[in-house]
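The values are calculated or read from the model by the stated rules, or taken from the named source; none is laboratory data. Since the structure is predicted, the reported quantities are computational estimates derived from the model, not experimental observations. All Cβ positions, even for glycine, are placed from backbone atoms using ideal geometry, and neighbour counts span all protein chains on display. Please note that ligands, DNA and RNA were not included when accessible areas were found on the heavy atoms of the full protein model with its side chains. Shrake-Rupley method; radii C 1.70, N 1.55, O 1.52, S 1.80 Å.
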Amino acid sequence: MKMDLLNYRNIKKCQHFVPIYKRPTKYIEFNYKGLDIVTSYDSYDAKRKSVKILRESRKLKLSHIFHIISVYLYFKNMGKEVRGVEITLENKVHYFSERWIMRKLPLFNKEVESFKIPKEKTPGNHCKFCKIKVQCHKEIIKKGDLSVVPGISKSYLNLLKDLNINPIKVVESNKIEQVPPQFRKPLYNLKSLLTGKPIIISRFNIPQKYIVYDVETYRDLDFLHGILIKGKYKPYLNVENTDDNLERFLKFIDSTKETIVHYDVYDIKRLQMITKNISHLYKYLYKIEDRSYDLYEKIQKNVALPVTSYSLKDISKFFGYQWRTDLNGYAIFIEYKNYLRGHKESLEKIIKYNEDDCRATAMIMESLRELMK
C-alpha cells in the first residue's frame, strides 16, 4: 500500500486507488515510518537550497502541505541540505521555510499512522481515474454491492424495496419487462454486467454518413476542435483564441453537410457558448445543432453494456479500442498548462488524445451497428 500525495484526494477516498495518469513531473518514492510515500518535485535549486513544486490549485490545501513535507523529508534522507520548499499554485508562489515544515511535521506523522490502518475498497467518483477499476468493480458486485452499476443508487434500491422487487432475482429470472418501465434500464445494466454481454433494449437509427466531433477546453478557451471524416482526422487548433481560427473550423463543418456525431452534449454546448456573442459566427450554429447526433444519449436510453461507467473510454475499451495516452478530462488541464510553460510535447499528446476520442466514438458507432444487424 502506498500513500500517493499527487492523488491525495482519491487516496483518501480509497486506499487501493491506482492512478491511470502520470503528471509531467519528477516522481520520487521513499519509505517513511514503514509506509511507502509517492510524491514529486519539479526542480532543486542548489544555490538557494530549496525545492520547487508546481501544482494546479488556487488555494493551498492540506494535500499540498503533505506534499511539501514529503519532498523535504525525501531530500533530507538523500543527504541534501534543504532550507525550504517553494510551491507554485495558479502562478502564485508560496515559500515554506524548514522551520515552518518542522512545525507541521507532527500533522504529517499523524496522517501516516492513520494511513497504515487497512481499509476496504470504496467505490465512488474517484474510480474513473483508477487503473484497477474494472477488476475492483467485479469484486464489489460479486459481494452483492450494486452501487457500481450505472443507474443503481441507494434511492433507486429503496424504491425497488418499497415495490417488493429484488433486483438480482428479477434479472436472474428474466422478468425485467414485468417491472415498471422507469426502473428497467438499471436492471438491464445489471444483467449486462452479470452476463458480460451487451444488450440492445430498443433499436435506434445509426447514420450511414457522419463526421465525429470532439473539443478540448482549457478554462474558457476551446483550443482544439477535432474532426474525424472518412477515416481521416483533422485537428483545428485555436490556441491564439481568434475568431478567424474558429471560423475556419465552422466553415469546414458547414461544408460537410453530414450528421455530426459527438459523445455527450458538452461539445455542442461549447459551440453554443463561443458563438452566441459573435454575430458573424452564430449563423453556423443552428445548422450544426440540426445535424448533431448525441451518441451518449442513444446508448443511455437504448443499450446496456457490461461496464460500470458509460464514459467514452470505458465503452470503447469494451469494444476493443486501444488508447494511446493515459489522459483524461482533468489531465488535459494539467497538460495544457504544461504546454503554456513551453513544453510543446504536451500539446502533441493532447492532439493524440483528441484523435483517440474521435476514433473511439466512430468505433462504438460501428460496433453498435453490427450488434443491431
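How would you order 242-248, 305-311, 43-49 from highest to lowest mean count of nearby Cβ atoms within 10 Å?
Peptide ranking by packing, descending: 305-311, 242-248, 43-49.
What FRET efficiency, computed as 1/(1 + (r/R0)^6) with R0 = 41 Å and r the Cβ-Cβ distance, is obtained for residue 103 and residue 13, rounded to the nearest 0.05?
Given R0 = 41 Å and the Cβ-Cβ separation, E is 0.90.
May I ask you to give the solvent-accessible area per residue for region 20-107, in square angstrom, as obtained with a 1.4 angstrom probe?
53 Å²
For the Cα atoms of the chain, what angle does the longest principal axis make with the long axis of helix 266-275, in degrees from 0 to 90, nearest 10?
In the chain, helix 266-275 runs at an angle near 80 degrees to the longest axis.
Counting Lys +1, Arg +1, Asp -1, Glu -1, what net charge surrounds residue 3 among other residues with beta carbon under 13 Å of its beta carbon?
Overall, the nearby charge balance is +2.
Run the paramagnetic zone check for residue 83: 7 angstrom along Cα to Cβ, then residues of region 93-114 with backbone nitrogen under 13 Å.
Answer for this model: 96-99.
On a 0 to 90° scale, report how tilted helix 344-371 is relative to the longest principal axis of the chain, with both axes built from alpha carbons and the result rounded to the nearest 10.
With both axes taken from Cα atoms, the answer is about 30 degrees.
Got a sec? Which residues in region 224-255 would a label at residue 340 touch, if it sits 7 Å along Cα→Cβ and we count backbone N under 11 Å?
No residues fall inside that zone.
Report the label-to-label distance for residue 200 and residue 311 in nanometres (one decimal), using points 7 Å from each Cα along the Cα→Cβ vector.
About 2.8 nm separates the two model spin labels.
In the neighborhood of residue 81, defined by Cβ-to-Cβ distances under 12 Å, what is the net charge if each Lys or Arg adds +1 and each Asp or Glu adds -1?
+4
If R₀ is 41 angstrom, what is the calculated FRET efficiency for the pair residue 266 and residue 1, using the beta carbon separation as r and rounding to 0.05?
That gives a FRET efficiency of 0.70.
Please give the solvent-accessible surface of residue 197 in Å², to the nearest 10, using a probe radius of 1.4 Å with every protein chain present.
For residue 197, the solvent-accessible surface is approximately 130 Å².
Place a point 7 Å from Cα of residue 114 in the direction of its Cβ. Which residues in region 6-26 have their backbone N less than 19 Å from it?
Those under the cut-off are 6-17.
Working with all protein chains in place, sort 18, 303 by solvent-accessible area computed with a 1.4 Å probe, largest first.
Accessible-area ranking of 18, 303, largest first: 18, 303.
Hey, with R₀ at 22 Å, roughly what FRET efficiency would residue 57 and residue 21 work out to, going by the Cβ-Cβ distance, to 0.05?
So, using R0 = 22 Å, E works out to roughly 0.85.
Please calculate the 1.4 Å probe accessible area of residue 284, with all protein chains present, and give it to the nearest 10 Å².
Accessible surface of residue 284 is approximately 20 Å².
Considering only protein heavy atoms, what is the solvent-accessible area of residue 12 at a probe of 1.4 Å, reported in Å² to the nearest 10?
Near enough 110 Å² of accessible area.
For every other residue with a beta carbon closer than 13 angstrom to the beta carbon of residue 169, add +1 if it is Lys or Arg and -1 if Asp or Glu, then tell me the sum.
Counting the neighbours of residue 169, the net charge comes to +2.
Taking only protein heavy atoms and a 1.4 Å probe, what accessible area per residue, in Å², does region 118-191 have with all protein chains in place?
Counting only protein heavy atoms, the per-residue value for region 118-191 is 65 Å².
Taking the 0 to 90 degree range and rounding to the nearest ten, how far is the long axis of helix 98-115 tilted relative to the main principal axis of the chain, both from C-alpha atoms?
That helix lies at roughly 50 degrees to the long axis.
What do you reckon, how do 23, 9 stack up by accessible area (1.4 Å probe), largest on top?
Highest to lowest solvent-accessible surface, that is 9, 23.
Under the 0.36 nm per residue contour assumption, what length would be gained going from the current alpha-carbon distance of residue 142 and residue 91 to full extension?
Additional length available on full extension: 13.7 nm.
Only bridges with both residues in the chain count here: give the DSSP antiparallel percent, nearest 5.
Within the chain, antiparallel bridges account for around 70 percent of the total.
Leaving ligands, DNA and RNA out of it, rank 102, 3 by accessible area with a 1.4 Å probe, largest first.
Per-residue accessible area, sorted high to low, gives 102, 3.
If you roll a 1.4 angstrom probe over the protein chains with everything in place, what fraction of the accessible area of region 315-373 belongs to carbon and sulfur, to the nearest %?
Roughly 53 percent of what the probe reaches on region 315-373 is carbon or sulfur.
On the accessible surface of region 51-113, probed at 1.4 Å, how many percent belong to carbon and sulfur atoms?
49 percent
Between residue 45 and residue 257, what length comes free when the chain is fully extended (0.36 nm per residue of separation minus the Cα-Cα distance, one decimal in nm)?
Net length gain for the segment: 70.7 nm.
Where both partners of a DSSP beta bridge lie in region 218-365, what percent of those bridges are antiparallel, to the nearest 5?
70 percent
Roughly how far apart, in whole Å, are the Cα centres of region 170-205 and region 52-67?
Centre-to-centre distance over Cα atoms comes out at 45 Å.
Tell me which of 292, 102, 174 sits at the most positive position along the dipole axis of the chain, charges placed on C-beta atoms (Lys, Arg +1; Asp, Glu -1).
Towards the positive end, the residue furthest out is 102.
Counting only heavy atoms of the protein chains, get the accessible area per residue of region 220-304 (1.4 Å probe) and round it to a whole Å² value.
With the other protein chains kept in place, region 220-304 gives 52 Å² per residue.
Only helical DSSP H runs with n ≥ 4 go in: add -39500 (n - 2.57) per run for the chain, normalise by residue count and round the 222 nm mean residue ellipticity to 500 deg cm²/dmol.
Computed mean residue ellipticity for the chain: -14000 deg cm²/dmol.
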